[in-house]
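What follows is a single structure, written as structure tokens, with notes after it.
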Amino acid sequence: VQLQASGGGLVQAGGSLKLSCVASGRTYSSDAVAWFRQAPGKEREFVAARGWRGATPLYADSVRGRFTISGDAAENTVNLQMSGLKPEDTAIYFCARRRTSVATRRQYDYNNWGQGTLVTVSS
């Protein structure tokens, strides 16, 4: 499975961006999908995830209410709509998939990763 993330860029605080992750290769419609991010000098952290169609999405406390994950594995495209962006949201954002239908917050549960897209939020 190959994942291609896109949509990153430079935005002012309070602005919005939409990230997309397109999957190709041998994918399964029941895969769980997720977004993680890694800020400079910090470890990768969970952002949002979505399991089998209809499952309640998971969000990190730091983004809940501002970010929305949409789409699912069946569509082969998963989006992350980000609004109310803050400078602390600056990071490389990675999309990921796991070969089960249950989404988790743990990066080690995901075995397919995209290359990342950089989001920079200026103050």
Candidate set: the range 79-93, residues that are open to solvent by 10 Å² or more (accessible area, probe 1.4 Å) and in contact with a Lys or Arg (Cβ under 7 Å, 6 or more places away or on another chain); chosen: the one nearest to residue 13 (Cα to Cα) = 84
Note on residue 97: of the conditions (1) touching a residue at least 24 places away in the same chain (Cβ under 8 Å); (2) basic (Lys, Arg); (3) open to solvent by 10 Å² or more (accessible area, probe 1.4 Å), unmet is (3)
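Can you tell me which residue within the range 8-34, out of those that are under 11 Å from the mean Cα position of the chain (by Cα) and open to solvent by less than 50 Å² (accessible area, probe 1.4 Å), is nearest to residue 123 (Cα to Cα)?
19
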Across the range 35-56, the tally of residues that are under 17 Å from residue 96 (Cα atoms), modelled with pLDDT of 95 or more and open to solvent by 40 Å² or more (accessible area, probe 1.4 Å) stands at 4
Are any residues in the range 57-78 open to solvent by 20 Å² or more (accessible area, probe 1.4 Å) and on the phi > 0 side of the Ramachandran plot, and if so, which ones?
-> 65, 76
For residue 44, state whether it is of a type in the set (Lys, Arg) and in contact with a Lys or Arg (Cβ under 8 Å, 6 or more places away or on another chain).
-> yes
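Of the residues that sit in the range 28-52 and are among the charged types (D, E, K, R) and in a strand (DSSP E or B), which one is farthest from residue 109 (Cα to Cα)? Before the answer, list the steps.
Just the residues of the range 28-52 that are among the charged types (D, E, K, R), to begin with: 31, 37, 42-45, 50.
Subset that is in a strand (DSSP E or B): 37, 45, 50.
Working: 37: 15, 45: 13, 50: 13 Å.
Per the criteria, the residue is 37.
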So which residues in the range 105-123 are surrounded by fewer than 15 Cβ atoms within 10 Å (Cβ to Cβ) and in a loop (DSSP other than H, G, I, E, B), if there are any at all?
-> 106, 111, 115, 123
Within the range 53-104, the count of residues that are of a type in the set (Asp, Glu) and assigned to a loop (DSSP other than H, G, I, E, B) comes to 2
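The values are calculated or read from the model by the stated rules, or taken from the named source; none is laboratory data. The structure displayed is predicted, hence computed values, not measured ones. For neighbour counting, all protein chains shown are included, and Cβ atoms are generated from backbone atoms with ideal geometry for every residue, glycine included. Calculation scope for accessible area: heavy atoms of the full protein, side chains included, ligands and nucleic acids excluded. Shrake-Rupley method; radii C 1.70, N 1.55, O 1.52, S 1.80 Å.
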